[in-house]
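Sending over a structure as structure tokens; questions will come in a sec.
Taken together, the values in this text are just the output of simple stated rules run on the coordinates, not laboratory data. The structure displayed is predicted, hence computed values, not measured ones. A quick note on method: Cβ atoms are made from the backbone with ideal geometry, for glycine too, and the neighbour counts reach across all protein chains shown.
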Amino acid sequence: MIKSFTCYLLFGLILIFNACGLGESAETDIFVKDSNDWFQKGRASWKFDGDQLVGTSLGGSGFVMTNKKYKSFTLSLEFYPDTGINSGIFVRCKNKEISNKDCYEMNIWDYHPDQESRTGSIVTRAKPLVNVQTLGKWNSYKITCESNHIRTWINGKLTADIYNDDLSEGYIALQAAETGRIKFRNVKIKEF
């Protein structure tokens, strides 16, 4: 009888633990208006239009970046690129700069001159598994970095799936480059 009671008690505690969300971290908004948790750098201009963070580039490149480093996480967001923009999501950046060597660059550029680095690729590390078309509409991007396993999905389609030990943690950035405009919204991260 004591064993049964102990099993029921343990089972009940597990249910309460999971119901309260104590076993996992909550999803957090990043790149929030008027927050000191991020900064902007470079030649692009960034502003909020309602709930959207809009990056506009008239040539050159610019980015917004978190002040906090992240290690293992799922990052989800929506993006709306126009036809001229070269954009991307940079994760695990070593320094407060963006590059495809010192960050993992998840590209947003349907018209990239090298189609192996187009939208859905992890630039210099993985060409896209599928060809997705993202211009002129809202799209979803999901990125999971768990230890050395990195996966990306656009609009629910797996676009990259690699194991890579180059970068274990770092900053997260959003880019606007070339000539055009990119909109982001609902940028959320869940650490684990």
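When region 141-162 is examined, which residues are found to be farther than 18 Å from residue 192 by Cα and of a type outside the set (Lys, Arg)?
141, 153, 154, 155, 156, 158, 159, 160, 161, 162
Determine if region 84-99 includes at least one residue that is assigned to a loop (DSSP other than H, G, I, E, B), polar (S, T, N, Q) and crowded, with 17+ Cβ neighbours inside 10 Å.
Within region 84-99, none of the residues are assigned to a loop (DSSP other than H, G, I, E, B), polar (S, T, N, Q) and crowded, with 17+ Cβ neighbours inside 10 Å.
The rows are residues; the columns are (1) surrounded by 15 or more Cβ atoms within 10 Å (Cβ to Cβ); (2) over 19 Å from residue 92 (Cβ atoms); (3) free of Cβ contacts under 8 Å to residues at least 60 places away in the same chain.
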residue	(1), (2), (3)
117	yes, no, yes
145	yes, no, no
150	yes, no, yes
155	yes, yes, yes
171	yes, no, no
184	yes, no, no
